[in-house]
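S.K.: Attaching a single structure in structure tokens format; questions to follow.
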Amino acid sequence: MSLGNIKLNPLGEATEVTKLPDGRKRIQRWWEVISDDYAPNVIEDRCFQTWGTPDGQFNGTFSAAIVAGRPDKHYPECLLIDQGVRGPSRQQGKARLFKIYEELHPTDETQVGKLREIIGEDGRDYLEAQFIQLSSAPRAEGVRGVTLPPGRADAVMSSEVCDNDGTLRRITRRYAIASDAVEPLIDGANETGRGDDVWQDEDNRHRRRRTFIQKATATYNEPVAGTHLITVKGVHYVNTGEQRGGGAAVRTITREFQEATAEWTQVGPAIPATAADGLKTIQIVQVRIGYITGGDVPTVGTSTTPDGGTDLKLCQISGEGSSVAISRRVLTYKQPGILRTSDNVRNNGKLTLRSVTAFGVIPPTPEGFVAVDEGTDDPEGAPTRTYTFARGEGLISSDLDTGVTGGLRAYNTRYLTPYAAPAEGAEPQNPTPMPKAGALKASEEWQDADGYVVWSTRWIVGGRIELTEDEDGRKSLEATYLYFVTPDNDDFPDVGDACEPIIETDTEGEEGEGAATAPDGSPHLAESERYVYAGRREGSAYGYKTAILRFQEATAEWAQVGPTISDWEMNGLERMIVRLVAKGGTALPEADDITIGYSTLSGESAELTLGGISRAGSNHAIARLTLTYLQPGLVRRRTRQLPAGLRELLIETFLWGSEEVNAAQGEDGAIPGILVVDDTDNVQGYPMRQLRWMQTANGGDPTNGMAQEFTDMVQFTYPGRARPYFFKRQFGLKAGDTIDPLPGGGLVIQKMPIHYDFNVMTSPPVQIMVKATISIRYSESPDMEDNPEAPLWNPDNWAIQQLSYLSSGDSPVHGITHLKGYRVYTDAEMAGEGDPGDGGIHWGGNGDITGGGPSPQPSTVPIAVIDGRTSAFDPEYRGHNTWSFGNSFGLWDSLGYRTGPVIIVSGGPPAPDNKRWTLSSKPEPAFVGEDGKQYWRHTVVTATIPKQTPIFPLGDDAKPPGEIG
């Protein structure tokens, strides 16, 4: 679609620049649109720009070509936020284009206006800020409780609202004013209490409830109740509790406070009361801060009321109603006087005991009575005392002294009798009866008052029987005896005798107590079918001999004690434990009943067999048997790794052998490996059968395949290498030269004479480290198995050097030398070609000169024989040469050139290079099977020997075979 021809002319004051209240610029521009097509879509497509376009930027279809009269000044910091077309008008047929730019960031938010301070409906102080942002920019939402208002750090964002019209985002954020510290929600609350909820409690004390706020992200330290103090208008308050709430931005804390001070303060008036005893009584309530200690502590029985009165004394202090925050005490004051009086008639009416309980006063002695107790404190802690008065004759009190130990008892008695003057020189006689039969006096004293004598006597009584039961329900008795005379050993039974103590109890004694005093030294015993004598402990107390005799429940027949104990703690096998006891010395049950490995007992899941007998705990008095029955089966299975690719499998069983163990494997079949041990040993007190198998490290049969294989660096020695060599030398002559004088004329050199020096080069043996495979196998035989892929490296001969020639005097010379540790080094190896050869090397020369006279005679000189070709006249023999001499050969005879030298190197092992060899194979005894068969361990070391570096030539004159001539 064609956009048509459009021109834009500025209208009047086409640009308006204003400054917003927040200091930002706003630019408004207007143009008259002149077009041959005023369709809205045409104008919009040609004149509208992308939102956020900087002021003065012409791009797209809104090009500089269509804008006439462009303003000289632009504001690129102001971005396009609104644009539109008005018209065209019917009269003029023209439209107006406007564009509005505002100063804002091209991507980030821009604050609009200033921060507003508002008070929310909840009474809190808030800040509110508004922002605008181009809709095309990435949105970054604020985080409640984290985002701060611009330029402030004392508030955090609590809410955010974002409106997006496609051009701009208008963002409104509200911030709750709060800090890291805990502060009152309402300003001025600390000084005036403004905003606090206030009420009074039952003690007429003021209480307050105040709300505090804090940033939710700040750490909150909860105060201990009673430690947060506030003061409002001179009145002190202490915290008693709190509740916390709030959202992600602000934490709210509502604390309750109670009126209190560091000193005890009376709350409410004194509360009057009249007790049942008719004495005047009042109560005063006081409070103070809970964590305060010390201070004023009134004295019960002497302190008077706070108002200064003296007619009432402090009777009781109660802390009822106290808490951690507030200490509360109730002081009860009472008028001193007698609270109650009661009489107790005893001894068939002969004795009257009167008890008088008083507060703050000492009651007078009633007429006809004598004071026998000067005051006993109230057992409930009240400041009252009970005084006892008596008249007549009889036992005033008999108290058991619980502090006496050792099986003895002590009684403290007081006895009242009218005073009667004793005869002259006589002592008054104590009329107090024994509190218990057989009691012995430990001490006595008397005193007279108001015509009466009060006897105070301490008595010691033996014969207390303590009956106990152990965990099996068996009873034990301990009887304490008190003696007038020292007993002899013959007075006591022998340990193990069937007997039990006799104690004569009285009507007032407790169960198990009675007379057990033995004036003659013999304990009171009776025959028994339930108990046996188990020994004694002797001692002394209060000047008397004591003996504690012990008796244990047992009979002459074996009897089970306690229940049969069943468990499955031994690898899931059922176990039952039966305990029997009998009188000491009782013969064991019949052999069929307690034969280990044969006696049986029906268990819950199987037939159990006796596995152990213990007599632990037996003594002369009691014989004990503990019988343990076990379910036959596998008890424990464990493995232990051994060197050389082996592991030991140990299986402990009760009664099972290898056949039962293998059968129990089910589908897995028999246990692989060699059974080496089948023995019985004591394990945890039971006769356990121990079966040990020798296996490979992964649990296989060590005689089946390879047990272990690994690599290691081992030492290998290359044999030394030996090969003949020669040097070719020429005389200082050349062809055509004449040698003079010579008999018969001159000698003409037709071919240059050549001299050859023969010798043997020896490169010594070399040691290297090679990567080898160590293989371990096990078998029943010590014989080594051949490995055709890796034959055994075991040289059985070394190289030999042979040398033959004729000396200059025609004397034959022949020598043989053994080259220990050497082998033949071939031409192919010298040239670094192919595999090393295995044959010998023969080099030779024939220096015979035949013929004479003027005509020269040819002479053939064979040089070398290689790879087993020993004939110098072999047609395929390579490396011979021929030359001719002159008329005379006598010179050659005199110079020694009639020799025909031959040097031969042969024998020795083949070259090891590039082949795999068995370097060692060592059999040694490994283990012996349970059947006595010996098993052997074979350790085999194999390695591929790397190619050895060829020997370089000896120099320019040193020639390999075939180059003589």
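S.K.: Under the rule of at least 5 residues apart or a separate chain, name every residue whose amide H is placed under 5 Å from the amide H of Arg647.
M.R.: Here the answer is Leu642, Gln695, Thr696, Ala697, since their amide H atoms fall under 5 Å of that of Arg647.
S.K.: So what J values fall out for segment 203-208 if you push phi through Karplus, 6.51 cos²θ - 1.76 cosθ + 1.60 with θ = phi - 60°, rounded to Hz, Gly and Pro as x?
M.R.: My calculation for segment 203-208 gives 8, 6, 9, 6, 10, 10 Hz in order.
S.K.: Show the residues, 5+ positions off or on another chain, whose built amide H is closer than 5 Å to the amide H of Cys499.
M.R.: Sorted by chain and number, the residues that satisfy this are Ser528, Tyr531, Val532, Tyr533.
S.K.: Please list, in chain and number order, the residues 5+ apart from Leu185 or on another chain whose amide H is under 5 Å from its amide H, with Hs placed from the backbone.
M.R.: When sequence neighbours closer than 5 places are left aside, the close amide H contacts are Thr211, Phe212, Ile213.
S.K.: Output the Kirkwood hydrodynamic radius of segment 587-637, Cα pairs only, in Å rounded to one decimal.
M.R.: The answer is 12.2 Å.
S.K.: So what's the Cα pair-distance distribution over segment 337-392, bin width 5 Å, in %?
M.R.: Result returned by the calculation: 5, 21, 30, 22, 13, 7, 2.
S.K.: On average, how much area does the Cα convex hull of segment 110-177 cover when viewed from any direction, in nm²? Mind dumping the intermediate values first?
M.R.: Values: hull surface 18.5 nm².
With every direction weighted equally, the projected area is 4.6 nm².
S.K.: Go through Asp55, Asp796, Asp491 and list them by solvent-accessible area, largest first, probe radius 1.4 Å.
M.R.: Asp796, Asp491, Asp55
S.K.: Please turn the phi angles of segment 173-181 into ³J(HN,Hα) values with the Karplus equation 6.51 cos²θ - 1.76 cosθ + 1.60 (θ = phi - 60°), one per residue in order, whole Hz, x for glycine and proline.
M.R.: 10, 10, 10, 8, 6, 6, 10, 5, 8
S.K.: Tell me, what is the FRET efficiency for Glu469 and Glu529 to the nearest 0.05, using R0 = 22 angstrom and their Cβ-Cβ distance as r? Spell out each step's value before the answer.
M.R.: Working: r = 18 Å, r/R0 = 0.84.
That gives a FRET efficiency of 0.75.
S.K.: Can you compute 3J(HN,Hα) from phi for each residue in segment 314-322, using the Karplus curve 6.51 cos²θ - 1.76 cosθ + 1.60 with θ = phi - 60°, rounded to whole Hz and x for Gly and Pro?
M.R.: Listing the rounded values in order: 5, 9, 7, 10, 10, x, 4, x, 6 Hz.
S.K.: Mean separation of Cα pairs under 8 Å and 6+ residues apart, divided by the residue count of segment 110-177: what relative contact order is that in percent?
M.R.: 34 percent
S.K.: Could you check the spin-label model distance between Val928 and Lys25? Points 7 Å from the Cα along Cα→Cβ, value in nm.
M.R.: For Val928 paired with Lys25, the spin-label model returns 11.1 nm.
S.K.: Give the lysines whose C-alpha is closer than 27 Å to that of Lys933, dropping any in the same chain fewer than 8 places away, or say none.
M.R.: Answer for Lys933, where 27 Å is the Cα cut-off: Lys922, listed by chain and number.
S.K.: How high is the relative contact order of segment 581-622, given as a whole-number percent (alpha carbon pairs under 8 Å, six or more residues apart)? Mind dumping the intermediate values first?
M.R.: Values: 39 pairs, mean separation 19.1, N = 42.
That works out to 45 percent.
S.K.: Continuing with the same structure: Taking a cut-off of 29 Å between Cα atoms, list the lysines near Lys583, but don't count ones fewer than 8 places away on the same chain.
M.R.: Lys475
S.K.: To continue, here is another question. Quick one: the Cα spread of segment 298-405 along its three principal axes, in angstroms, biggest first?
M.R.: 58, 42, 18
The values are calculated or read from the model by the stated rules, or taken from the named source; none is laboratory data. Since we're looking at a predicted model, the values are computed, not measured. Cβ sites come from the backbone with ideal geometry, for glycine too, and all protein chains shown count toward neighbours. These area figures cover heavy atoms from the full protein model, side chains too; ligands, DNA and RNA do not enter into them. Shrake-Rupley method; radii C 1.70, N 1.55, O 1.52, S 1.80 Å.
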